[in-house]
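Notes follow once the structure below has been shown.
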Amino acid sequence: MTKITPQPGIMDIALYQGGQSHVAGVEHVIKLSSNENPFGPSPKAIEAVRDSAATLHRYPSTDHASLRNAVGARHGLDPARIICGVGSDEVLQFIAQAYAGPGDEVVYTEHGFSMYPIIARMAGATPVMVAERERKVDVDAILAAVNAQTRIVFVTNPGNPTSTMISQQELERLAQGLPDSCLMVIDGAYAEFVDGFDGGASLVDAHENVVMTRTFSKVYGLGGMRVGWGYAHQSIIDVLNRVRQPFNLSLTALAAAEAAVNDVDFLSFCQAENARLRVWLSDELAKIGVPSDPSFTNFILARFADQAEAEACDDYLKSQGLIVRRVAGYNLPNALRITVGDEEACRRVVAAITAFKEGAA
Ligand SMILES: *Cc1c(COP(=O)(O)O)cnc(C)c1O
């Protein structure tokens with residue numbers, strides 16, 4: 001037996017399960033399992049990636065100044081208080097690594113993103129799950145769970161896989177209620193899908209212990225490039241930069257993200273299509289007895305009678321080349337998370353679930 005053992009907590013990590021992308025024996029599948037942009041990346045991002053090929057022998061920027069300036073200009077934020085990561089996952093990991101360790105608690109919510117307990121354990125800390133109420137983050141339950149050991153509270157707003165969100169007032173109440181020794185992280189991976197929501201930026205400005213994370217993986221269609229960013233008080237950014245590798249983002253990734261954030265027309269098109277189609281999808285499914293909460297994201301959480309029906313529907317959708325996401329692992333066994341695709345994809349989903357409900361399966 002080997003004497004080499006990993007740090008405490010590492011072997012408690014359950015590996016992340018990604019969205020499925022293939023179905024054996026079925027061609028031309030439509031992948032609606034990972035909340036990707038059905039329109040792909042901005043054409044300008046594609047061009048930037050091509051252009052970057054000629055300089056791949058050069059090391060990338062270590063301070064990401066150009067991308068931070070572009071993000072800052074776009075969102076009206078101080079670029080000095082922005083940090084970029086390999087996806088927002090890496091920024092979340094920096095936060096846990098820098099601020100939580102053995103003996104500390106990290107709070108996340110019942111239907112919250114499965115990366116939170118993973119990165120808490122990576123840091124040696126103890127993840128603590130707090131119940132949600134009717135698929136919505138429950139601020140009172142979070143405040144009741146916070147104690148002297150709590151270092152971080154992770155809240156996804158809007159939520160994944162719930163698609164619901166809590167109000168600015170509720171976020172503010174949570175920020176006010178947390179002790180100064182505890183960070184509040186607002187994961188705004190879906191913020192661009194909410195008209196008029198700043199993702200938590202104004203709360204960051206008002207509270208030194210609030211951090212916002214954002215991603216290029218969802219509305220910007222750059223999941224394959226792995227770029228995300230965080231916004232926080234300068235003192236926190238100074239800490240996070242110490243655990244960031246100097247060359248964490250490739251020059252291709254930096255160029256793609258900068259081109260994407262500057263392509264405002266493409267962003268507006270994707271936002272408008274998503275807003276239109278998510279309502280259509282949710283209304284059509286409701287008519288055939290498959291309800292969902294009003295979505296503030298680029299997916300809907302379709303609810304079925306029970307787990308057996310959800311799984312049978314998922315099997316049927318797969319047989320039709322439609323891959324959606326089972327979310328039993330998020331404590332939502334009777335639901336399926338369906339990414340809002342383009343119009344054809346949405347029509348195919350509605351037709352297939354209608355056929356399933358009529359007994360086709
Ligand atoms: C997709 C997603 C992210 C983004 O992850 P990246 O590492 O930026 O690709 C973060 N949080 C939530 C809740 C997500 O759904």
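Here are the numbers for the structure shown:
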item	result
Rounded accessible area per residue of the chain, 1.4 Å, Å²	44
Sequence of M11, M165, M129, M212 from largest to smallest accessible area, 1.4 Å probe	M11, M129, M165, M212
Percent RCO, i.e. relative contact order, over the stretch 44-263, from Cα pairs under 8 Å lying at least 6 residues apart	29
Considering only the chain, percent of DSSP beta bridges that pair antiparallel, nearest 5	45
DSSP H segments from the chain that extend 30 Å or more along their own axis, Cα-based, with Kyte-Doolittle mean of 0.0 or above	264-287
Cα-Cα pairs of the chain separated by more than 26 Å (percent)	52
Inter-label distance for S202 and S21, nm, one decimal - labels placed 7 Å from Cα along Cα-to-Cβ	3.9
Within the accessible area of the chain (1.4 Å probe), percent carbon and sulfur	52
Projected area, mean over directions - the stretch 208-361, Cα convex hull, nm²	11.6
Extension gain (nm, one decimal) between A305 and S61, 0.36 nm per residue minus Cα-Cα	82.6 nm
Peptides ranked, highest mean first, by Cβ atoms within 10 Å: ranges 168-179, 316-327	316-327, 168-179
For N160, distant residues with modelled amide H under 5 Å away	F113
Separation of alpha-carbon centers, the stretch 117-192 and the stretch 23-82, rounded to whole Å	27
Eligible lysines near K357 by straight Cα distance, threshold 27 Å, same-chain separation 8 or greater	K31, K287, K318
By accessible area with a 1.4 Å probe, ligands and nucleic acids excluded, highest first: order of R151, R214, R58	R58, R151, R214
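The values are calculated or read from the model by the stated rules, or taken from the named source; none is laboratory data. Quick caveat: nothing in here was measured; it's all calculated off a predicted structure. A quick note on method: Cβ atoms are made from the backbone with ideal geometry, for glycine too, and the neighbour counts reach across all protein chains shown. What goes into the accessible areas is simple: the full protein's heavy atoms, side chains included, and nothing from ligands, DNA or RNA. Shrake-Rupley method; radii C 1.70, N 1.55, O 1.52, S 1.80 Å.
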